[in-house]
There are 2 protein chains.
Amino acid sequence: MAQARTPRGKWIEEGLRALAAGGPDAVRVEPLAQSLGVSKGGFYWHFGDRETLLGELLDAWERDVTEQVIERVESEGGDARERLRRLPEAIVPKVTTDIRTDLAIREWARRDERVAERLRRVDTRRMDYLRSLFAAFCADDDEAEARAMTAFSVWLGGHLIAADHHGRAPEEVRELVWQRLLR
Amino acid sequence: MAQARTPRGKWIEEGLRALAAGGPDAVRVEPLAQSLGVSKGGFYWHFGDRETLLGELLDAWERDVTEQVIERVESEGGDARERLRRLPEAIVPKVTTDIRTDLAIREWARRDERVAERLRRVDTRRMDYLRSLFAAFCADDDEAEARAMTAFSVWLGGHLIAADHHGRAPEEVRELVWQRLLR
DNA sequence: TGTCATCCATACACCAGCGTATGGAAGCGA
DNA sequence: TCGCTTCCATACGCTGGTGTATGGATGACA
């Protein structure tokens, strides 16, 4: 076997980078090849076509983005509040777990039903986990549901909403909400 | 003056539709012309180039999306809680106020600084209005800020998060959060 | 009725990107 | 050293889009 100069994984990694930066439309074979310093010849040996790569990007994302984070939080123990407090930091910076990848896929899901289905699986898994943590100290199911939804929304909103908070930093605002959720 | 068969406004309207459905990359001159049942000849008479249209789409959105909603809520009176309760329904269904336009522009802003600046203006205006309403019955500034951010985030999140709520409809969950925000 | 502003059709040059075909090059194992 | 697998370069045809040029068509108004 000869050495793989630009193996599958390299293409996927570069593809995820492009996806995070510019959405699925920015994942183009020839620019990807250029970024990697090779021609597109090798790409079509690995993948056949562009669609195949896009599918594998989603596979990689779906694999990394939930279980890895949850396992990380769970492995360090503590009660529900402590685990929730650790959640935001448990998202290790990787190409797949980049929030921008999340946002790009979320937008993509709006126009592609197969992407929407994957997102549904991932979001359901995340909400289930959040709900289970809040349920540990909330009076009833409604309260846990409301707090889980709020936590998820504010996590996303913090990266999407561009408002000026007049003196407060975005992280301070997130912290204000977070404190109230953990009461 | 001869009759405008396909005047500026028609192109903008169709452009907003395409933007809402598929993001800025989906706003293409030739498909737009086809949707309108004409050739692209007239387009370049009106706009010069594609960039100009994209700019005008943003103009139209920025103009309609904040003041019109706020004026509508304000015109009907009531105390702060009543106004907040009416807010979701005050968003009249138009091409510019379509939530999908909002989401598309939000994604677009991530890769175009000029778009980001417009979004910053719009979001700041919205947050200012929300904050002012919550401040009417909240104990302190921190509380109002936290609730405004939560309201905004959950409004967006409700359209972005694809999780299955196990029996609850998405609107029920939103309502659970909303009730708590108005306490 | 003629003129002018407004809008549209058509044809064209051009470019970016997809996918294909083909001929290597480079290293590993026998 | 030979052959095989793995990867890359290059050239090509094709599609779908941008923007330009030009010659109408159509209707309001004088």
### Query
Given the structure, is B:ALA104 under 30 Å from B:ALA26 (Cα atoms), facing chain A (nearest Cβ under 9 Å) and in contact (Cβ under 8 Å) with a residue 12 or more places away in the chain?
yes
### Task
Being more than 12 Å from DNA strand D (Cβ to nearest atom), within 14 Å of another protein chain (Cβ to nearest Cβ) and out of contact with any strand residue (DSSP E or B) (no Cβ under 7 Å at 6 or more places or on another chain) narrows it down to one of A:VAL95, A:VAL65, so name that one.
A:VAL65
#### Entry: Among (1) within 14 Å of chain A (Cβ to nearest Cβ); (2) farther than 30 Å from B:LEU181 by Cβ - the single one B:ALA33 does not satisfy
(1)
### Subset of segment A:8-45 (residues that are within 12 Å of DNA strand D (Cβ to nearest atom) and either buried (at least 16 other Cβ atoms within 10 Å of the Cβ) or within 21 Å of A:GLU62 (Cβ to Cβ) (or both))
A:ARG8, A:GLY9, A:LYS10, A:TRP11, A:GLU14, A:ASP25, A:VAL29, A:LEU32, A:ALA33, A:LEU36, A:GLY42, A:PHE43
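Listed here are the residues, each with its yes/no results for (1) of a type outside the set (Ser, Thr, Tyr); (2) at pLDDT below 95.
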{"site": "A:ALA2", "(1), (2)": "yes, yes"}
{"site": "A:THR52", "(1), (2)": "no, no"}
{"site": "A:LEU57", "(1), (2)": "yes, no"}
{"site": "A:GLU67", "(1), (2)": "yes, yes"}
{"site": "A:GLU76", "(1), (2)": "yes, yes"}
{"site": "A:ASP79", "(1), (2)": "yes, no"}
{"site": "A:LEU84", "(1), (2)": "yes, no"}
### Task
For B:ASP79, indicate whether it is away from DNA strand C (no atom under 16 Å from the Cβ), of a type outside the set (Phe, Trp, Tyr) and free of Cβ contacts under 8 Å to residues at least 60 places away in the same chain.
yes
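Is segment B:138-145 home to any residue that is at the interface with chain A (Cβ under 7 Å from one of its Cβ atoms) and either part of a helix (DSSP H, G or I) or touching a Cys at 6+ places or on another chain (Cβ under 9 Å) (or both)? Even if it seems obvious, please write down each step before you answer.
Step one: filter segment B:138-145 for residues at the interface with chain A (Cβ under 7 Å from one of its Cβ atoms), giving B:142, B:145.
Remaining after also requiring either part of a helix (DSSP H, G or I) or touching a Cys at 6+ places or on another chain (Cβ under 9 Å) (or both): B:142, B:145.
Scanning segment B:138-145, I find at least one residue that is at the interface with chain A (Cβ under 7 Å from one of its Cβ atoms) and either part of a helix (DSSP H, G or I) or touching a Cys at 6+ places or on another chain (Cβ under 9 Å) (or both), so the answer is yes.
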#### Entry: Subset of segment B:1-41 [among the hydroxyl-bearing types (Ser, Thr, Tyr) and within 11 Å of DNA strand C (Cβ to nearest atom)]
B:THR6, B:SER39
### Query
Of the conditions (1) within 14 Å of chain A (Cβ to nearest Cβ); (2) under 13 Å from B:LEU19 (Cβ atoms), B:ALA116 fails just one. Which one is it?
(2)
### Message
Give all pairs with beta carbons closer than 6 Å in which a residue from segment B:161-181 that is in contact (Cβ under 8 Å) with a residue 40 or more places away in the chain meets a residue that is assigned to a helix (DSSP H, G or I) and of a type in the set (D, E, K, R); count only pairs at least 6 apart in sequence or on separate chains.
### Response
B:LEU181/B:ARG147
### Single condition B:GLU74 does not satisfy, out of (1) closer than 30 Å to B:TYR129 by Cα; (2) touching a Lys or Arg at 6+ places or on another chain (Cβ under 8 Å); (3) not assigned by TED's automatic domain parsing to the domain that holds B:GLU175
(3)
### Task
Among what's in segment A:42-72 and is of a type in the set (Lys, Arg) and away from DNA strand C (no atom under 16 Å from the Cβ), pick the residue that is farthest from the chain's Cα centre (by Cα).
A:ARG72
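Hey, can you tell me all the residues within segment B:75-131 that are assigned to a loop (DSSP other than H, G, I, E, B) and among the basic types (Lys, Arg)?
B:LYS94, B:ARG110, B:ARG111
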### Message
Are there helices (runs of 4 or more DSSP H) fully within segment A:13-69 with at least 3 residues that are under 30 Å from A:MET127 (Cβ atoms) and in contact (Cβ under 8 Å) with a residue 12 or more places away in the chain? List them.
### Response
A:50-65
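The values are calculated or read from the model by the stated rules, or taken from the named source; none is laboratory data. Everything numeric in this text was worked out from a predicted model, so none of it was measured. All Cβ positions, even for glycine, are placed from backbone atoms using ideal geometry, and neighbour counts span all protein chains on display.
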